[in-house]
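**Q** First, the structure itself, so that you have it in front of you.
Any read-out appearing in this document is the output of simple, stated calculations on the displayed coordinates, not a laboratory observation. From a predicted model like this one, the values you see are computed outputs, not experimental measurements. Glycine also receives a Cβ, built like all others from the backbone with ideal geometry; neighbour counts cover every protein chain displayed.
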Amino acid sequence: MKLYHGSTVAVKNPSIRQSRANTDYGKGFYTTVDLEQAERWARIRQNRAGSGKAVVSVYEVDNNLLQKKDLNIREYNGATKEWLDFVVANRRFAPLHDYDIVLGPVANDNLYATISLYENRELSAEAAVVQLKTHVLFNQVSFHTKKALSQLHFVESIVLDK
């Protein structure tokens, strides 16, 4: 299976140490199965930097990655109350979870208003989930331990045209 990471540089040796802690699934290395989504992430990072390149790094992982018994994997299938609570906790700098890999929807800028209303208790979990399900939910696969990162095998980097 191929995974993609959008950035401003090729990432041949992914690490967790350069990651922000208050992200959807906590401090980790984030990828997606969707090339177009990785391209969007690369462009966003390029725009935030104000210059430089937009680069997508491509990785291969074992097709049976999610069935590996030696990895602690958490999968969220769509917007649920459990996913919403996990994202809110991580964005509030909750203690690091013990998952090697987490996969599920991206809580992107389009979803932020709904998540903020839920976080501020202005919207119930049920109402927030209903609203979130009206959006197109993109996916992410995040790696949180060295053991998990060892599953990623760098294939190539793609520099996007301007």
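**Q** Only Cα pairs under 8 Å and at least 6 apart count here; give the relative contact order of the stretch 74-162 as a rounded whole percent.
**A** Reported as a whole number, the value is 36 percent.
**Q** Once amide H atoms are placed 1.01 Å from N in the peptide plane, what residues at a sequence separation of 5 or more from residue 104, or on another chain, have their amide H within under 5 Å of its amide H?
**A** Residues meeting the criterion, in which the H sits 1.01 Å from N, are 76, 140.
**Q** On to the next question. Within the P(r) computed for the stretch 72-162, what percentage of the Cα pairs occupies the region above 22 Å?
**A** So the pairs more than 22 Å apart make up 37 percent of the total in the stretch 72-162.
**Q** Let me ask something else. Round to the nearest 0.05 the FRET efficiency obtained for residue 160 and residue 139 when R0 = 25 Å and r is the Cβ-Cβ distance.
**A** Once the sixth-power term is evaluated, E becomes 0.80.
**Q** Once both labels are modelled 7 Å past Cα along the beta-carbon direction, what's the residue 69-residue 127 spacing in nm?
**A** With each label placed 7 Å out from Cα toward Cβ, I get 4.6 nm.
**Q** With θ set to phi - 60°, apply the Karplus curve 6.51 cos²θ - 1.76 cosθ + 1.60 along the stretch 119-129 and write out the HN-Hα couplings as whole Hz, x wherever there is a Gly or Pro.
**A** Result, rounded to whole Hz: 4, 8, 6, 9, 9, 6, 4, 4, 5, 5, 4.
**Q** Mind checking the full-extension length gain between residue 47 and residue 117? Use 0.36 nm per residue of separation minus the Cα-Cα distance, one decimal, nm.
**A** That pair, residue 47 and residue 117, stretches by 22.4 nm at full extension.
**Q** Compute the semi-axes of the equivalent ellipsoid of the chain, taking the square root of 5 times each eigenvalue of the Cα gyration tensor, and list them largest first in whole Å.
**A** Result for the chain: semi-axes of 26, 20, 14 Å.
**Q** Expressed in nm to one decimal, what extension gain is obtained for the pair residue 96 and residue 150 from 0.36 nm per residue of sequence separation less their Cα-Cα distance?
**A** Net length gain for the segment: 17.5 nm.
**Q** Something else: Can you tally the lysine pairs in the chain where the Cα-Cα distance is under 23 Å and the two residues are eight or more apart, or on different chains?
**A** Going through the chain pair by pair, I get 23.
**Q** Relative contact order (percent) for the chain, with alpha-carbon contacts under 8 angstrom and 6 or more residues of separation?
**A** Once divided by the residue count of the chain, the mean separation gives 34 percent.
**Q** Now, a different point. Which whole number in µm²/s is D for the stretch 26-86 by Stokes-Einstein, with the Kirkwood Rh taken over Cα pairs at 37 °C and 0.692 mPa s?
**A** 228 µm²/s
**Q** With θ taken as phi - 60° and the coefficients 6.51, -1.76 and 1.60, list the Karplus ³J(HN,Hα) couplings across the stretch 6-12 in order, rounded to whole Hz; mark glycine and proline as x.
**A** Ordered by residue, 3J(HN,Hα) equals x, 7, 10, 9, 6, 10, 7 Hz.
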